[in-house]
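Have a look at the structure below, then the notes.
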Amino acid sequence: MLGNMKILAGNANPPLAEAIAAYLGEPLTRCHVRRFADLEIFVEILENVRGRDAFIIQSTSFPTNDNLMELLIMIDALRRASAQRITAVIPYFGYARQDRKPGPRSPISAKLVANLLTRAGADRVLTVDLHAGQIQGFFDIPTDNLFAAPTMVRDIKERGIAENAMVVSPDVGGVVRARAFAKRLDAPLAIVDKRRERAGESEVMNIIGDVAGRNCVLLDDIIDSGGTLCNAADALIAKGAASVSAYITHGVLSGGAVARISASQLTELVLTDTIAPTEAVRVARNIRVISIAPLIGEAIARIAKEESVSILFD
Ligand code: R5P
């Protein structure tokens with residue numbers, strides 16, 4: 001029953017939270033999430049949540065640790081206020097790239113974050129395009145991992161570039177994701193294969209697939225420095241691609257990433273709003289943001305009504 005729902009938002013991405021609330025036709029629950037003078041976080045929920053189905057919308061994006069801590073404290077506040085069920089809605093799940101031990105004596109931080117969320121009192125998690133699907137298994141509570149792909153495919157069709165499109169994975173690690181996307185779009189697949197033949201020598205980019213004359217669509221879950229994407233765009237243009245655009249779910253965009261994208265050969269970078277776009281992103285000449293608020297809103301409605309969420313994967 002939607003009437004039993006309470007939607008709350010931390011400070012990570014207020015516009016997305018507002019858009020989700022608007023989709024659901026529910027107001028955001030009034031709460032204060034603020035800082036003491038020493039920057040400790042203080043949360044005060046200003047409405048009764050006893051027995052309610054609570055959803056907290058909070059991406060753990062930059063500043064990651066602050067946003068994560070806000071989320072944990074909000075979960076604690078809801079639990080102590082007797083919410084009946086607490087769903088952590090984490091459109092961008094930070095720390096996801098630390099999902100295995102890359103070497104001895106290193107942490108698996110994604111698992112630590114999963115433990116923290118569970119111990120704080122989350123009953124379920126709703127997220128989008130986890131960096132690795134198996135992170136779902138780090139949780140022993142129900143975890144729904146939505147895909148941005150249907151929203152992106154719709155956008156590609158509306159832009160009229162689907163006809164001559166070729167989906168490209170910017171690295172070998174992204175092939176599974178790109179192949180599934182190519183299938184949805186009914187387009188062929190190419191792969192950028194980065195190789196360093198000898199230590200100290202620069203990387204060579206080989207393109208697997210004939211991209212000449214194609215509208216290449218690079219697909220990835222995260223853009224951080226932009227290096228992966230810009231290098232791939234250069235390699236594709238060098239092989240005769242007609243145009244190169246990119247669809248990326250999470251715009252982390254650290255350091256000089258936006259400037260790098262603006263100066264690149266990318267016709268367009270399309271991001272979703274799992275991470276709130278900065279002013280630099282909003283004014284960038286070749287970056288566009290599409291909203292996944294309807295996708296998340298619909299998933300929340302379905303969870304609240306105990307309906308299937310898997311229909312959203314189609
Ligand atoms: C890596 O496994 C991810 O899927 C992205 O390819 C990566 O995070 C992109 O990073 P950057 O933009 O810094 O090259």
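The values are calculated or read from the model by the stated rules, or taken from the named source; none is laboratory data. None of the values given here were measured: they were computed from a predicted structure. Glycine also receives a Cβ, built like all others from the backbone with ideal geometry; neighbour counts cover every protein chain displayed. Calculation scope for accessible area: heavy atoms of the full protein, side chains included, ligands and nucleic acids excluded. Shrake-Rupley method; radii C 1.70, N 1.55, O 1.52, S 1.80 Å.
Could you list, in sequence order, the residues of the range 172-187 that are open to solvent by 50 Å² or more (accessible area, probe 1.4 Å) and either without any contact (Cβ under 8 Å) to a residue 40 or more places away in the chain or aliphatic (A, V, I, L, M) (or both)?
Kept after step one, since they are open to solvent by 50 Å² or more (accessible area, probe 1.4 Å), are these residues of the range 172-187: 172-173, 176-177, 179-180, 183-184, 186.
Of everything in the range 172-187, those that are open to solvent by 50 Å² or more (accessible area, probe 1.4 Å) and either without any contact (Cβ under 8 Å) to a residue 40 or more places away in the chain or aliphatic (A, V, I, L, M) (or both) turn out to be VAL172, GLY173, VAL176, ARG179, ALA180, LYS183, ARG184, ASP186.
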Review point. Has the range 210-233 got at least one residue that is among the small types (Gly, Ala, Ser), open to solvent by less than 50 Å² (accessible area, probe 1.4 Å), in contact with a strand residue (DSSP E or B) (Cβ under 7 Å, 6 or more places away or on another chain) and under 30 Å from THR274 (Cα atoms)?
Key: yes
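Only one of these is within 12 Å of the ligand (Cβ to nearest atom) and either closer than 22 Å to PRO91 by Cα or surrounded by fewer than 20 Cβ atoms within 10 Å (Cβ to Cβ) (or both): VAL252, VAL192. Name it. I'd like the intermediate steps shown before the answer.
Values: VAL192 fails: either closer than 22 Å to PRO91 by Cα or surrounded by fewer than 20 Cβ atoms within 10 Å (Cβ to Cβ) (or both).
None of the others qualify; the one that does is VAL252.
Among PHE55, PHE93, which is the only one that is under 22 Å from the mean Cα position of the chain (by Cα), in a loop (DSSP other than H, G, I, E, B) and among the aromatic types (Phe, Trp, Tyr)?
Numbers: PHE55 fails: in a loop (DSSP other than H, G, I, E, B).
Result of the check over PHE55, PHE93: PHE93.
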Check your understanding: Only one of (1) part of a helix (DSSP H, G or I); (2) closer than 25 Å to ALA19 by Cα fails for ALA235. Which number is that?
Key -> (2)
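Return the only residue of ILE275, ILE300 being crowded, with 24+ Cβ neighbours inside 10 Å, in contact (Cβ under 8 Å) with a residue 60 or more places away in the chain and not assigned by TED's automatic domain parsing to the domain that holds LEU218. Let's see the steps before the verdict.
Numbers: ILE275 fails: not assigned by TED's automatic domain parsing to the domain that holds LEU218.
One residue alone meets the criteria, ILE300.
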Point to revise | GLU163 away from the ligand (no atom under 16 Å from the Cβ) and not in a helix (DSSP H, G or I) | key: yes
Study note, to complete from the structure: For the range 211-234, pairs from a residue that is without any contact (Cβ under 8 Å) to a residue 40 or more places away in the chain and on the phi > 0 side of the Ramachandran plot to a residue that is away from the ligand (no atom under 12 Å from the Cβ) and not in a strand (DSSP E or B), with Cβ under 9 Å and 6 or more apart or across chains, are GLY226/ALA259
Exercise for review: Run down ILE73, ILE135 and say which single residue is within 15 Å of the ligand (Cβ to nearest atom), in a helix (DSSP H, G or I), open to solvent by less than 70 Å² (accessible area, probe 1.4 Å) and under 23 Å from ASN13 (Cα atoms).
Suggested key: ILE135
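Being open to solvent by 10 Å² or more (accessible area, probe 1.4 Å), within 8 Å of the ligand (Cβ to nearest atom) and closer than 30 Å to PRO15 by Cβ: is that true of SER243 here? It would help to see each step written out before you state the result.
Values: open to solvent by 10 Å² or more (accessible area, probe 1.4 Å): yes; within 8 Å of the ligand (Cβ to nearest atom): no; closer than 30 Å to PRO15 by Cβ: yes.
When the stated conditions are applied, SER243 does not pass them.
Just to verify a result, which residue in the range 255-272, among those that are within 10 Å of the ligand (Cβ to nearest atom) and open to solvent by 50 Å² or more (accessible area, probe 1.4 Å), is nearest to THR228 (Cα to Cα)? Before the answer, list the steps.
Here is the first cut: in the range 255-272, the ones within 10 Å of the ligand (Cβ to nearest atom) are 255, 257, 260-261.
Okay, now just the ones that are also open to solvent by 50 Å² or more (accessible area, probe 1.4 Å), so 255, 260.
Working: GLY255: 14, ARG260: 11 Å.
Within the range 255-272, the match that is nearest to THR228 (Cα to Cα) is ARG260.
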